[in-house]
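Here's the structure, in structure tokens; my notes come after.
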Amino acid sequence: MSEEELLLRIYNSFDPFYPLDAIKDADIYVDMSDSRGRADIKRDLGRKIIRSRNSRPTAQLYAGHRGTGKSTELLRLRKYLEEQDCYVVYFAADDGDIDPEDAQYTDILIACVRQLLNTLDADQSKFQKWVESRIQELKDLALAEVEFNNGQVDIPLMFTTMSVAIRKIPSQREKIRKLIDPNTVTLLDILKEFIQDATSNLSHGKKQLVVIVDNLDRIVPVRRDDDGRTNHEEIFIDRSEQLKDLGCDVVYTVPISIAYNRANDLAERYDGEPSILPITAIQTLNGDEDQEGLQRLREIINKRVHRKLKAQTFELVPNVFGNEEILTRLCQMSGGHVRDLLRLVRTSFDYVDELPITERAAQFAITQTRDTYRRSVTSSEEWLTLAKVARDKQIKGNDNERRLLFSRCILQYAAFDSEDEIQVWYDVHPLILKIQQFKQAKAQL
């Protein structure tokens, strides 16, 4: 294998936006639960679903920083549930259904209808009647791919076309919302009947239907001018009854900011508080280095490198990284955030023509990624907020903190102490610590 081919193979194994498949990628999965406050998605979400089989359906929320591995964990949850005779419909809502920059409850409902119509085998005639009673309004939407023949229409195609328009065409988005929003109750009722029919005829002897809606945590927070409420509150609190009333077990991802700030309100509306996947701890609350967490990050890198190589003698140091300090520093600068770790390593490869990664290449990657975080902080008040979090290791839930949580400038960690009591704390992303504006804000304190 040539040096260039070797570099290419390793480089492509560090795609930061690729969630691991629970089966195909099992060989490179790293269990980091002990460094994440013992978070275990099978226990935290899966058991409740299985144990509700002969009772009412559950509605649960899953939160965590974007890029920390939620999708990978949800795919593992899907595999676990399928092994427990569940029929699982999993979809990433931002992949063809919603625009995270501008999303409302109506968009999520249409996405669920589309995904279930295209996945489940059940009678769609009631959807046809729903369309017939609104035939002119639907025609006025001018959905190019949808043909109306004597009131009859391809129902899955119609909702697929709606979702595509909501995702990609802002002008159409508003028209569809104006049509669907006043009719969400009737549409939801028909969807529930469809699900009930499908549940009684699940394939391969499955006994329980579960819907997992991923990537709703990517919905950008927007505060409304009229009443000061956020779109997150409108979707996950004001519309909670509709979200949980699909007639089957459902799991939604939610932004970490609302999971923190409105935890009690969410717990009252859904089946418990949101289950949160913390960042992998690389330091303790007292600031000491967490060797176990750093070792888990190193293991992530090691497994991805060796998956592409046949020779077992190929070592991380010195074959991929010039020395131990380079490898350790990249792990530390990630803050324990998996996507940032993958991004830092991959960007380091961009600055070398051949292996190993040098100190200079790693520094270029750190500097480039640091600048991304610098541009995420938009005011002196936010820099001061970061300085306070770095000092206190806690947050109060104000607007600045929620925005900085969403942008991953503030990270949440969790660990159990010697008495098995959970400790949750917050800290500033390590990449921010050397930014001049942060240093100035820290000096003000």
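The values are calculated or read from the model by the stated rules, or taken from the named source; none is laboratory data. The structure presented is a predicted model; accordingly, all values stated were derived computationally and were not measured. Cβ sites come from the backbone with ideal geometry, for glycine too, and all protein chains shown count toward neighbours. Surface accessibility is based on the protein's heavy atoms, side chains included, excluding ligands, DNA and RNA. Shrake-Rupley method; radii C 1.70, N 1.55, O 1.52, S 1.80 Å.
Under 1.5 on a/c is rounded, so check that first for segment 287-445, then, if it is not, pick prolate when a/b is larger than b/c and oblate when it is not; a ≥ b ≥ c are the square roots of the alpha carbon gyration tensor eigenvalues.
Note, shape of segment 287-445 comes out oblate.
Quick one: length gained pulling ASP34 to GLU82 fully straight, 0.36 nm per residue minus the C-alpha distance?
14.8 nm
What's the angle, to the nearest 10 degrees (0 to 90), between helix 105-119's Cα axis and the longest principal axis of the chain?
Once rounded, the angle reads 80 degrees.
Evaluate the distance, in nm, between pseudo-label points positioned 7 Å from the Cα of TYR11 and of THR313 along their respective Cα→Cβ axes.
Distance between the two pseudo-spin positions: 2.7 nm.
Return the long-range amide H neighbours of GLN423 (sequence gap of 5 or more, or a different chain), with a cut-off of under 5 Å between placed amide H atoms.
Hits under the 5 Å cutoff: ALA415, PHE416, ASP417.
Assign one of three labels to segment 181-321, namely rounded, prolate or oblate, based on the Cα gyration tensor with a ≥ b ≥ c the square roots of its eigenvalues; rounded applies when a/c is under 1.5, prolate when it is not and a/b is larger than b/c, and oblate otherwise.
Oblate shape, in that a/c is at least 1.5 and b/c is the bigger or equal ratio.
Kindly state, as a whole number, the per residue volume in cubic angstrom of the convex hull around the alpha carbon atoms of the chain.
175
How large is Rg/Rh for segment 358-398, to two decimals, with Cα atoms and a Kirkwood Rh?
Here Rg/Rh amounts to 1.14.
Taking a cut-off of 29 Å between Cα atoms, list the lysines near LYS396, but don't count ones fewer than 8 places away on the same chain.
Qualifying lysines at Cα under 29 Å: LYS70, LYS244, LYS388, LYS434, LYS439, LYS442.
Using a/c under 1.5 as the rounded threshold, could you call segment 257-307 rounded, prolate or oblate? The axes a ≥ b ≥ c are square roots of the C-alpha gyration tensor eigenvalues, and prolate needs a/b larger than b/c, oblate otherwise.
Oblate shape, in that a/c is at least 1.5 and b/c is the bigger or equal ratio.
Return one whole number: the accessible area per residue of the chain in Å², for a 1.4 Å probe.
Per-residue accessible area for the chain comes out at 46 Å².
Which order do the peptides 128-140, 224-236 come out in when sorted by mean C-beta neighbours inside 10 angstrom, highest first?
In descending order of packing, they fall as 224-236, 128-140.
For labels at ASP21 and GLU3 in the simple 7 Å Cα→Cβ model, what's the distance in nm?
Taking the simple label geometry, ASP21 and GLU3 are separated by 3.4 nm.
Keeping the other protein chains in place, figure out the carbon and sulfur percent of the accessible area of segment 53-159, with a 1.4 Å probe.
With neighbouring chains kept in place, the figure for segment 53-159 is 38 percent.
How big is the dipole moment of the chain about its Cα centre under a simple scheme where the beta carbon of each Lys and Arg is +1, that of each Asp and Glu is -1, and everything else is neutral? Debye, nearest 20, please.
So the dipole magnitude of the chain works out to roughly 220 debye.
Could you check how much of the accessible area of segment 288-411 is carbon and sulfur, as a whole percent, using a 1.4 Å probe?
Carbon with sulfur: 44 percent of the solvent-accessible area.
222 nm [θ] for the chain, helices only, -39500 (n - 2.57) per DSSP H run of 4+, per residue, to 500?
About -14000 deg cm²/dmol.
What's log10 of I(q)/I(0) for segment 114-186 at q = 0.11, 0.18, 0.19 Å⁻¹, Debye sum over Cα points only, no solvent?
-0.25, -0.71, -0.80
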